[in-house]
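Scroll down for the structure; my scribbles are underneath it.
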Amino acid sequence: MIPAADLESFLRTRLAAPLPGPAAQLRFAPRPLRKGWEPHLTPDGARDAAALLLLYPGPDGTPHLPLTLRHDGLPHHPGQISLPGGRVDPGERPDQAALREASEEVGLDPGGVRLIGSLSSLWVVVSNHVLRAYVGVADERPTFRLAPREVSALVEVPLAALRDPANVSWTERARDGILVRYPHFHVGGHEVWGATAMILAEFIALFD
């Protein structure tokens, strides 16, 4: 494990180098893959979206990151675990959108976050968004304030838990009448699968 004091420097350097990309994302893609889908594609008509992967000191001093339990009433991915994020507004940069969405969803103060790079884009076919996650760091645990119409709960996950193979397993779900196997992280009492798991898979691959 990289010491917390060296983590930001390591990630800045690693995010500036070639990224793990689709090879890492596909480790957590459902099987079988959707026909014609590849994570790096940017199809006509897809909307840009951005998310924030924020690292901050947890209660024990080790790096943690926040995930959200999406409200059951949301039109896209209701009841699922996700990173704070959403659509990029017209005229807005994706990194700005990532911070804005985190502020709106979990009350994050953008002034307390240093963005240090981004991960590969990911086509989320269900909502037809091309999503890019931005990695940020904060020196202290933020004061979170959840938007009740969007976020049902906050899930604070130790980075070490994501890197522990014991927290990875598979389950089966029906999709379009077909039984599909889903790899997922099991953290904080929740299953983290789909696009969020694929983003996290690329992130932890930075440490390989």
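The values are calculated or read from the model by the stated rules, or taken from the named source; none is laboratory data. The structure presented is a predicted model; accordingly, all values stated were derived computationally and were not measured. Note that each Cβ is placed from the backbone with ideal geometry, even for glycine, and that neighbours are counted across all protein chains shown.
Observations
- Residues of the range 178-208 that are within 15 Å of Pro22 (Cβ to Cβ) and either within 10 Å of the chain's Cα centre (by Cα) or of a type in the set (Gly, Ala, Ser) (or both): Ala195, Ala197, Met198, Ile199, Leu200, Ala201, Glu202, Phe203, Ala205.
- Residue count for the range 81-130, restricted to those that are under 25 Å from Ser152 (Cα atoms) and among the polar types (S, T, N, Q): 5
- Any hit, the range 110-125, residues being in contact (Cβ under 8 Å) with a residue 40 or more places away in the chain, part of a helix (DSSP H, G or I), crowded, with 16+ Cβ neighbours inside 10 Å and of a type in the set (A, V, I, L, M): no
- Qualifying residue in the range 189-196 (condition: acidic (Asp, Glu), at negative phi, touching a strand residue (DSSP E or B) at 6+ places or on another chain (Cβ under 7 Å) and free of Cβ contacts under 8 Å to residues at least 12 places away in the same chain): no
- All of Arg141, Arg70, Arg34 fail the test of being charged (D, E, K, R), over 23 Å from Ala201 (Cβ atoms) and out of contact with any helix residue (DSSP H, G or I) (no Cβ under 7 Å at 6 or more places or on another chain), apart from Arg141.
- Counting the residues of the range 146-179 that are on the phi > 0 side of the Ramachandran plot and charged (D, E, K, R) gives 1.
- Note on the range 116-162: residues that are over 13 Å from Ala50 (Cα atoms) and aliphatic (A, V, I, L, M) total 16.
- Of all residues in the range 131-148, those being surrounded by 11 or more Cβ atoms within 10 Å (Cβ to Cβ) and of a type outside the set (A, V, I, L, M, F, W, C) number 6.
- Candidates in the range 127-162 are the residues that are part of a loop (DSSP other than H, G, I, E, B) and touching a His at 6+ places or on another chain (Cβ under 7 Å); of these, the one that is farthest from Glu191 (Cα to Cα) is Arg149.
- Across the range 149-161, not a single residue is classified as among the basic types (Lys, Arg), within 25 Å of Gly111 (Cβ to Cβ) and either surrounded by 14 or more Cβ atoms within 10 Å (Cβ to Cβ) or at pLDDT 95 or above (or both).
- All of (1) farther than 30 Å from Gly36 by Cβ; (2) under 14 Å from the mean Cα position of the chain (by Cα); (3) among the aromatic types (Phe, Trp, Tyr) hold for Trp123 with one exception: (1).
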